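Trainee: Once you've had a glance at the structure underneath, I'll fire off some questions.
No lab work stands behind these numbers, since they all come straight from the coordinates. Note that the coordinates shown come from a computational prediction; the quantities given were computed from them, not determined experimentally. When we count neighbours, we look across all protein chains shown, and the Cβ atoms used for this are built from the backbone with ideal geometry, even at glycine.
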Amino acid sequence: MKNLKYIFIILGILFIIGVSIFIFYRKVSNNSVSNTTENKTEISRTSTENSNTKDSSKDNYNIANESTNNETISNTSKQIIEEQISNFSTKIYSKKDSERQTNLNITSSVLNGTVVEPGDTFSFTETVGKATPERGYQKADIYDENGNKTKGYGGGNCQISSTLYNAVLQLPNLTVTERHPHSKKVPYVEKGKDAAVAYGSVDLKFINNYDFSIKIYCSVDNENVNITIVKLQ
């Protein structure tokens, strides 16, 4: 009986050991499966994110390309071709008159680049504005209404308006609606081809009767006043 008791004890111990081993291996197996599943899930998630990132990058690339192409097309469609249709120059006879030269430069810079749309009326005095000392204009030779030479702000502007007038005369569809001669012949254009201007009193005006816009270029150097009119298309 004593031996039988020891046998049961040994069997009980072995049973406990066996159960413990079984539980241990099952736990290890479950952890392995769980880790494998988590790894697979992480790999799948990472793959999906990478795929989404690639698709997003591709979409952004396509959008950027489409935007660039549209911008290129837009810029191309806005490209304007200029064609010279008239040009006239007058010689400066008072090169040593620095005040007059200053006035010529100011007025030229204001007039330069002026665009006249089809059907619009151009006004020299409205475009150039009033010649005032605040704008940098100085007193230079002008003719009064009696033909007397005197000093006035903006002296020299009439040479630019007269140069423009002669350039306009070359174009039949620029209809002159206002023009005034000087009270005395001026030296830079032929008689009857001058155009006196004075803000608030006399002006040079013309209508653009073309079906296209025109642009006026004006430049002044030590020798000449130059006017070029171009067609915008």
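Trainee: What FRET efficiency would be calculated for the residue pair Asn173, Asp221, taking the C-beta separation as r and a Förster radius of 41 Å, to the nearest 0.05?
Mentor: Working: r = 30 Å, r/R0 = 0.73.
After rounding, the FRET efficiency stands at 0.85.
Trainee: Let me ask something else. For Lys231, project a label point 7 Å along Cα to C-beta. Then give me every residue of segment 169-204 with its amide nitrogen under 20 Å of that point.
Mentor: 169-176
Trainee: Count charges around Glu117 for me, please; just the other residues with Cβ under 13 Å from its Cβ, Lys/Arg as +1, Asp/Glu as -1.
Mentor: Computed value for this residue: 0.
Trainee: So which of Lys185/Lys231; Lys184/Lys215; Lys95/Lys215; Lys95/Lys191; Lys139/Lys231; Lys185/Lys215 end up more than 24 Å apart by C-alpha?
Mentor: Lys185/Lys231; Lys184/Lys215; Lys95/Lys215; Lys139/Lys231; Lys185/Lys215
Trainee: Same structure again: Taking the simple approach of a point 7 Å from Cα along Cα-to-Cβ for both Val110 and Glu134, what is their distance in nm?
Mentor: 1.3 nm
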